[in-house]
Amino acid sequence: MFSQNGLSLDQAPPISVVFRFFFSGALFGLIAGVLVLLFQTNIFNPNSTEALILTHTLTLGVMLSFMFAALFQMLPVIAGVILPSPVQKANLLQYPFILGVLILLLGFYTSESWLFIIASILLGGSIFYITAIMLKDLIKLPNHSASSKGMMVALTSLTIVIILALYMTGTLSGLLQGTYYSVIKEAHYSFGLFGWIALLIISISFQVIEMFYVTPAYPKFISGYLPYKLFCLLAFGLLISFYIAKVWVLIDIFLALVLSGYAGITLKRLTQRKRPLTDATVWFWRLGLSSLILSMIFILITTFTDIETFKQLSYIFFATFALSIVFAMFYKIVPFLTWFHLNAQGYFTAPMMHEVIHPKTAMKHLYIHLATIVTFVLSLFIAPFIYLAGLLTILSFGWMTYQIVHAWKLYQHTQETGEKFDMGSMG
């Protein structure tokens, strides 16, 4: 199911590594919900401090935590990369990373220059450390799949995102003059959303969609070339923007068309599933891909009009795209890992996947997620809805936090009280 040779316990990282990144991402999601209640509709003003803080809470605290969890788990599964000493590497990444995110958010709120310096050291050091290790191991692979190639490009984009971020924090701290601050800011935004978040999701989907949902493979022109084309498009925009700032308008048009095409093809693949049963994860994928198309449509509209609402809608639906896919992966990974690790350790009392997280539980989260999106959209037109949006955000990530804790306790309980196969007596 997971690779040509199967997945062994020796290849997989300890379950605690993946779970704790999911857990920290869910906690940052709870913080995001609280921030929505505090900042209210100020979050929709892209030039406000409130929007800056919430954006980085979601992109760094939530999305990057979830994506690190996925990378630690999926690198052995779909790329064949086995990270030695995964617990040590997770420690060296996660603790400075979490502290760095919190200090960066505090820096945005207070504008204290020394906070940006500390955040830069913690975030730059921890993220560069893990991306260097993952890239080195990926490059050394003798045989690459479309997903492993895409992961390399996505991790390269993440490296560029951090380099651009360090320039901006250096400017905010007073260490740099910031001559190119506005140019770098636009590139940082584009590489972060499209070169990292979208590209990593796309790369993983090349194998996950076919593997989990038994669909036809992606066309070669998509799986073989799309990540490189997206990266080259962004790199071209970065270089030319130093001379022609408005080049990003043209780049955004191309990105919107390409990403909409990918989303449409993937939605088509999901209708061609050989397994007719539809669970919550399929609907999370459908919601995410449909939201990506809507986000790209609103981006196209904003290139021809200055109506702020369309730009805000593009942000909401892009966030919906990213979070929906994360939730889909979460509800696949957590139950499977709990069962897999216990089964591999010899526990014949290991809970089945539906006993870890019941399909109806995942479906309830889908409804909460849908309600959250609707209230955010409504709050653009009827401001008091923002309070409901904040509460639903807290409920959504609280729901997720509970599932992680429940799965971990179930795992520990089975280890403490479960019965193992007696291989000696069987012999």
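Check S203 against each of (1) in contact with a Ser or Thr (Cβ under 6 Å, 6 or more places away or on another chain); (2) more than 27 Å from T55 (Cα to Cα) and name the one condition it does not meet.
All conditions pass for S203, except number (2).
Among the residues of the range 125-148, is any β-branched (V, I, T) and either over 24 Å from A235 (Cβ atoms) or in contact with an Asp or Glu (Cβ under 7 Å, 6 or more places away or on another chain) (or both)? Walk me through it before giving the result.
Initially, the range 125-148 is screened for residues β-branched (V, I, T), giving 127, 130-131, 133, 139.
Adding the requirement that they be either over 24 Å from A235 (Cβ atoms) or in contact with an Asp or Glu (Cβ under 7 Å, 6 or more places away or on another chain) (or both) leaves none.
Within the range 125-148, not a single residue is β-branched (V, I, T) and either over 24 Å from A235 (Cβ atoms) or in contact with an Asp or Glu (Cβ under 7 Å, 6 or more places away or on another chain) (or both).
Which ones in the range 239-253 are surrounded by 14 or more Cβ atoms within 10 Å (Cβ to Cβ) and either in contact (Cβ under 8 Å) with a residue 60 or more places away in the chain or closer than 20 Å to A322 by Cβ (or both)?
W248, I251, D252
Quick one: is I325 in contact with a Gly (Cβ under 7 Å, 6 or more places away or on another chain) and aliphatic (A, V, I, L, M)? Lay out the reasoning, then the answer.
On the way: in contact with a Gly (Cβ under 7 Å, 6 or more places away or on another chain): yes; aliphatic (A, V, I, L, M): yes.
Criteria met by I325.
Can you tell me how many residues within the range 269-294 are over 19 Å from F206 (Cβ atoms), touching a helix residue (DSSP H, G or I) at 6+ places or on another chain (Cβ under 7 Å) and of a type outside the set (S, T, Y)?
Going through the range 269-294 one residue at a time, the tally reaches 5.
Are any residues in the range 359-376 among the β-branched types (V, I, T) and surrounded by 16 or more Cβ atoms within 10 Å (Cβ to Cβ), and if so, which ones?
Result: T361, I368, T372, I373, T375.
Taking the range 167-211, which residues are of a type in the set (S, T, Y), in contact (Cβ under 8 Å) with a residue 40 or more places away in the chain and assigned to a helix (DSSP H, G or I)?
Within the range 167-211, the first condition is being of a type in the set (S, T, Y), and the residues that meet it are 167, 169, 171, 173, 179-182, 189-190, 203, 205.
When the remaining residues are screened for being in contact (Cβ under 8 Å) with a residue 40 or more places away in the chain, the result is 169, 173, 180, 182, 190, 203, 205.
T169, S182, S190, S203, S205 - these are the residues of the range 167-211 that are of a type in the set (S, T, Y), in contact (Cβ under 8 Å) with a residue 40 or more places away in the chain and assigned to a helix (DSSP H, G or I).
With under 13 Å from Y411 (Cβ atoms) and surrounded by 16 or more Cβ atoms within 10 Å (Cβ to Cβ) as the only criterion, which of Y347, Y331, Y315 stands out?
Y347
One line per residue, one yes/no per condition, for (1) assigned to a loop (DSSP other than H, G, I, E, B); (2) at pLDDT 95 or above; (3) of a type in the set (F, W, Y):
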residue	(1), (2), (3)
S16	no, no, no
F19	no, no, yes
A26	no, yes, no
A32	no, yes, no
L54	no, yes, no
L75	no, no, no
P84	yes, no, no
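Could you please find all residues in the range 135-152 being part of a helix (DSSP H, G or I) and either over 15 Å from the mean Cα position of the chain (by Cα) or over 14 Å from I204 (Cβ atoms) (or both)?
L135, K136, D137, L138, I139, A146, S147, S148, K149, M152
Residue by residue, here is whether (1) in contact with a helix residue (DSSP H, G or I) (Cβ under 6 Å, 6 or more places away or on another chain); (2) hydrophobic (A, V, I, L, M, F, W, C); (3) modelled with pLDDT under 90 holds:
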| position | (1), (2), (3) |
| --- | --- |
| F310 | yes, yes, no |
| S324 | yes, no, no |
| A328 | yes, yes, no |
| W339 | yes, yes, yes |
| G346 | no, no, yes |
| A350 | yes, yes, yes |
| K360 | no, no, no |
| K364 | no, no, no |
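Collect the residues in the range 321-361 that are within 30 Å of I373 (Cβ to Cβ), assigned to a loop (DSSP other than H, G, I, E, B) and either in contact with a Lys or Arg (Cβ under 6 Å, 6 or more places away or on another chain) or touching a residue at least 12 places away in the same chain (Cβ under 8 Å) (or both), keeping them in residue-number order.
Within the range 321-361, just I357 meets the criteria.
Considering every residue within the range 201-209, establish whether at least one is over 16 Å from A322 (Cα atoms), of a type in the set (G, A, S) and crowded, with 19+ Cβ neighbours inside 10 Å.
Among the residues of the range 201-209, not one is over 16 Å from A322 (Cα atoms), of a type in the set (G, A, S) and crowded, with 19+ Cβ neighbours inside 10 Å, which makes the answer no.
If you go through the range 86-134, how many residues are among the charged types (D, E, K, R) and outside any helix (DSSP H, G or I)?
Count: 1.
Mind checking which residues of the range 212-234 are touching a helix residue (DSSP H, G or I) at 6+ places or on another chain (Cβ under 8 Å) and either in a helix (DSSP H, G or I) or modelled with pLDDT of 90 or more (or both)?
Those that are touching a helix residue (DSSP H, G or I) at 6+ places or on another chain (Cβ under 8 Å) and either in a helix (DSSP H, G or I) or modelled with pLDDT of 90 or more (or both): F212, Y213, I222, S223, L226, P227, Y228, K229, L230, F231, L233, L234.
Looking at (1) aliphatic (A, V, I, L, M); (2) within 22 Å of I297 (Cβ to Cβ); (3) outside any helix (DSSP H, G or I), which one does A245 not meet, given that it meets all the others?
In the conditions (1) aliphatic (A, V, I, L, M); (2) within 22 Å of I297 (Cβ to Cβ); (3) outside any helix (DSSP H, G or I), A245 misses (2) alone.
The values are calculated or read from the model by the stated rules, or taken from the named source; none is laboratory data. From a predicted model like this one, the values you see are computed outputs, not experimental measurements. Because the Cβ atoms are built from the backbone with ideal geometry, glycine has one as well, and the counts that use them run over all protein chains shown.
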